[in-house]
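The structure appears right after this line, and notes come after that.
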Amino acid sequence: MGTAEAQVAAAGDAQISTDGFQLVIDALKLNGIDTIYGLPGIPITDLTRRAQAEGMRMLSFRHEQNAGYAASIAGFLTQKPGICLTVSAPGFLNGLNALAHATTNCFPMILISGSSEREIVDLQQGDYEELDQLAIAKPLAKAAFRVLHAEDIGVGIARAIRAAVSGRPGGVYLDMPAKLFAQSIDAATAKSSLIKVVDPAPRQIPAPEAVKRALDLLKSAKKPLIILGKGAAYAQADAELHALIDKTGIPYLPMSMAKGLLPDTHEQCASAARSYVLPEADVVMLIGARLNWLLSHGKGKTWGGKSAKGWGGQKFIQIDISPQEADSNVRIDAPVVGDIGSCVLAMVAALGRDWPRPPQEWLAAVADKKKGNVAKMAETLAKNPSPMNFHSALNVVRDIVRANPDAMFVNEGANALDFTRSIVDMYKPRKRIDVGTWGIMGIGMGYCVAAAVVTKQQVIAIEGDSAFGFSGMEVETICRYNLPVCIVIMNNNGVYKGTDVNPTGGPDVAPTVFVRGARYDKLIEAFGGVGVYATTPAELRKGMEEAIRSRKPTLINAVIDETAGTESGRITSLNPSAAKKK
Ligand SMILES: Cc1ncc(C[n+]2csc(CCOP(=O)(O)OP(=O)(O)O)c2C)c(N)n1
Ligand SMILES: [Mg+2]
């Protein structure tokens, strides 16, 4: 079947009809959405078939959670809502985790789920996969809508798109009961019911007085610091950010997914002196970064406060799209509300020509700290212990990424995450995608699929062995679509490390321990991919170079010293009972 438009034209007869399936596809395509991440089944199987027949990229996953994570990160990378399509009840619930993740991380995504018959669900009469999905989705989504009539599909999709991408982006749920898809509707009426959304994410220009207030404060600083968050990465305002960093000369810290907005090797990048600059800074400008747990809520010892919740004395400027973000954790002296691109542009324009560089003592102190820490790290990285540890393995990964700066970089785990983030430099914007605000395990393979599909670039994934397990079956998906993904599993035999013992002496291993010496590399071979077993940095290097050269789906099982990890990686202090365990 063609588009509603084609049918009308071909038949020359306004009486010809179309259906709900077709309208969903037409509405998405009309809004430039050409990819769906999902998993077929009642009632959406034909939607997946017909989307493919209509030229959309319909990517089928092995579990909806992974399809959902793929959709969420596609939204982050493209500024268009990523679409996840699931069946009712269990499929919907599997996708819901990713929807909540999208909302928490401010990624635009739409979860479209088929659902059961309203009148049966509402009377709780026990329909096939009965569940009040809309009610369940609401608290986890930025917005949630249901469409009951085919003529409302256009409006439903338009509202979902606007809700997902405007203001602070987030996850949107769109409920589509089974009956909707088969409803027939006059093709001309159908066509006129569709909406091409005009200006879905309008710019939000900051107030000039807010910009002036912020710049006055910044100018008064003796030890200024800029923090770039993933909101700054999402904004795709790379040139404006470069100009701001260059013109002010202020040291900056990139949050995890903001790494590479400017190359991590930039002389103003203060990542290697993080624990020095946070407590020392007197004025901090946050750009698309929230003062949540990842920044210790802007207070406490990390910031030089005397107690766990004590204020460190910093003044804060916060550039954010949401007017409600300011003062969420500490006082914000100069909130600047607007989209990041417009705000940074306004700031650069208002800097003028004679903006003073920060005091030399501050720049020299930061540079000095950096130098010391970089030298210490270089020493550790140069070692070649046997068995291989995180550092000697990541030394290889660091070289490979430097040589392939366009590659997308996926990262999850605990130690496998924390060591990687600090050791592997990024050189370009939006290359690093990881566990995000919640620190969730399971984003790995879904992110790999979306990153490859959206960017067409090589993808490198550095995965803890536990982290990988959450989405490991999607290696079949990666092989099926023949995606250029190189997965490296940092295999230390368990969660954090592989050395825990069962204190009772019973036959079960400890809860954090897996099968010793597991051969994850064999897993991908089952689907025609390339498996590599690497016990030395040289073997790891060879495997990664070959994967990138061939662009074949590759899984490298990097055998890591099972004693090498730390409980909870860098966030041991958040672990209530085991805070002292190293
Ligand atoms: C969905 C989810 N479940 C559980 C956790 C708790 N958790 C944090 S890190 C981690 C796994 C760490 O082990 P691994 O990935 O092997 O990394 P390693 O520290 O061993 O390198 C787990 C289970 C989580 N963050 N997310
Ligand atoms: Mg592990």
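Going highest first, how would you order 501-514, 530-543 by mean Cβ packing within 10 Å?
Sorting 501-514, 530-543 by mean packing, highest first, produces 530-543, 501-514.
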Once a ≥ b ≥ c are taken as the square roots of the eigenvalues of the Cα gyration tensor of region 380-502, is the result rounded (a/c under 1.5), prolate (a/b larger than b/c) or oblate (a/b not larger than b/c)? oblate
Shape call for region 343-400 from the C-alpha gyration tensor, a ≥ b ≥ c root eigenvalues: rounded (a/c under 1.5), prolate (a/b greater than b/c) or oblate? oblate
Here the Kirkwood hydrodynamic radius of region 169-288, Cα-based and in Å, equals 18.0
Can you pull the one-decimal nm distance between simple spin-label points at residue 403 and residue 376, each 7 Å off the Cα toward Cβ? 3.0
Have a look at 192, 295, 202 and report the one farthest towards the positive end of the charge dipole of region 172-315, computed about the Cα centre with Cβ charges (Lys/Arg +1, Asp/Glu -1). 295
Modelled label reach - residue 309, point 7 Å along Cα→Cβ, region 280-302 residues with backbone N closer than 20 Å: 291-302
Modelling each spin label as a point 7 Å along the Cα-to-Cβ direction, I'd like the residue 550/residue 570 distance in nm, to one decimal. 3.4
Hull-based mean projected area of region 453-510, where the convex hull spans the alpha carbons, in square nanometres: 5.0
Pop out the ³J(HN,Hα) list for region 18-23 in order, Karplus 6.51 cos²θ - 1.76 cosθ + 1.60 with θ = phi - 60°, rounded to Hz; leave Gly and Pro as x. 10, 9, x, 3, 5, 5
Contour minus Cα-Cα span, residue 182 to residue 292, at 0.36 nm per residue, comes to 35.0 nm
Among the trypsin sites (Lys or Arg not before Pro) within region 343-404, which fall in a DSSP loop and have no more than 14 other Cβ atoms within 10 Å of their own Cβ? 353, 383
Rough spin-label spacing in nm, given labels placed 7 Å along Cα→Cβ, for residue 456 and residue 149: 4.3
Hey, what did the chain get for relative contact order, percent, Cα under 8 Å, at least 6 apart? 11
Förster radius 30 Å - calculated FRET efficiency between residue 510 and residue 535 (Cβ-Cβ, nearest 0.05): 0.80
Using the per-residue mean of other Cβ atoms lying within 10 Å as a proxy for protection, in what order, highest first, do the peptides 563-571, 98-106 fall? 98-106, 563-571
Would you please give the residues with an amide H less than 5 Å from that of residue 226, counting only those at least 5 places away or on a separate chain, with H modeled from the backbone geometry? 252, 253, 285
I'd like the accessible area for residue 339, computed on protein heavy atoms only with a 1.4 Å probe and all protein chains in place. Round to 10 Å², please. 20
Please report, in debye to the nearest 20, how large the charge dipole of the chain is about its Cα centre when each Lys and Arg carries +1 at its beta carbon and each Asp and Glu carries -1 there. 2160
How big is region 295-354 in terms of Cα radius of gyration and Dmax, in angstroms? 14.0, 41
Check which residues have an amide H placed less than 5 Å from residue 555's amide H, if you skip close sequence neighbours. 487, 530, 531, 532
Could you state the per residue volume, in Å³, of the convex hull enclosing the Cα atoms of region 233-367? 106
Row for region 38-127, column shape: gyration tensor on C-alpha, a ≥ b ≥ c, rounded if a/c < 1.5 i.e. under 1.5, prolate if a/b over b/c, else oblate; value oblate
Test of understanding: extend the Cα→C-beta vector of residue 222 to 7 Å, then name every residue of region 342-380 with backbone N under 14 Å from that spot. 359-363, 365
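Once fully extended, how much extra length lies between residue 482 and residue 239, figured as 0.36 nm per residue of separation less the alpha-carbon to alpha-carbon distance? Working shown, then result.
Details: separation 243, 0.36 × 243 = 87.48 nm, distance 3.41 nm.
Extending this stretch completely gives an extra 84.1 nm.
Under the rule of -39500 (n - 2.57) per DSSP H run of 4 or more residues, summed and divided by the residues of the chain, what mean residue ellipticity at 222 nm is obtained, to the nearest 500 deg cm²/dmol? The partial results should precede the final answer.
On the way: 23 runs with 231 residues, N = 582.
It lands at -11500 deg cm²/dmol.
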Which order do the peptides 431-440, 407-416 come out in when sorted by mean C-beta neighbours inside 10 angstrom, highest first? 407-416, 431-440
So what are the ³J(HN,Hα) numbers for region 540-549, from phi and the Karplus equation (6.51, -1.76, 1.60; θ = phi - 60°), rounded to whole Hz, Gly and Pro as x? 5, 4, 4, x, 5, 5, 5, 4, 6, 5
Search the structure for amide H atoms under 5 Å from the amide H of residue 460, placed 1.01 Å from N in the peptide plane, and list their residues when 5 or more places away or on another chain. 408, 409, 410, 486
In Hz, Karplus ³J(HN,Hα) per residue of region 73-84 (6.51, -1.76, 1.60; θ = phi - 60°; x = Gly, Pro): 7, 4, x, 4, 6, 10, 6, 10, x, x, 9, 10
Cα-based Rg (one decimal) and Dmax (whole number) for the chain, in Å? 25.2, 80
Gain in span if fully extended, residue 501 to residue 361, counting 0.36 nm per residue against the direct Cα distance: 45.3 nm
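The values are calculated or read from the model by the stated rules, or taken from the named source; none is laboratory data. Please read these numbers as outputs of a predicted model, since none were measured by experiment. Using ideal geometry, Cβ is built from the backbone for each residue, glycine included, and neighbour counts are taken over all protein chains shown. SASA here: full protein model, heavy atoms, side chains in, ligands and nucleic acids out. Shrake-Rupley method; radii C 1.70, N 1.55, O 1.52, S 1.80 Å.
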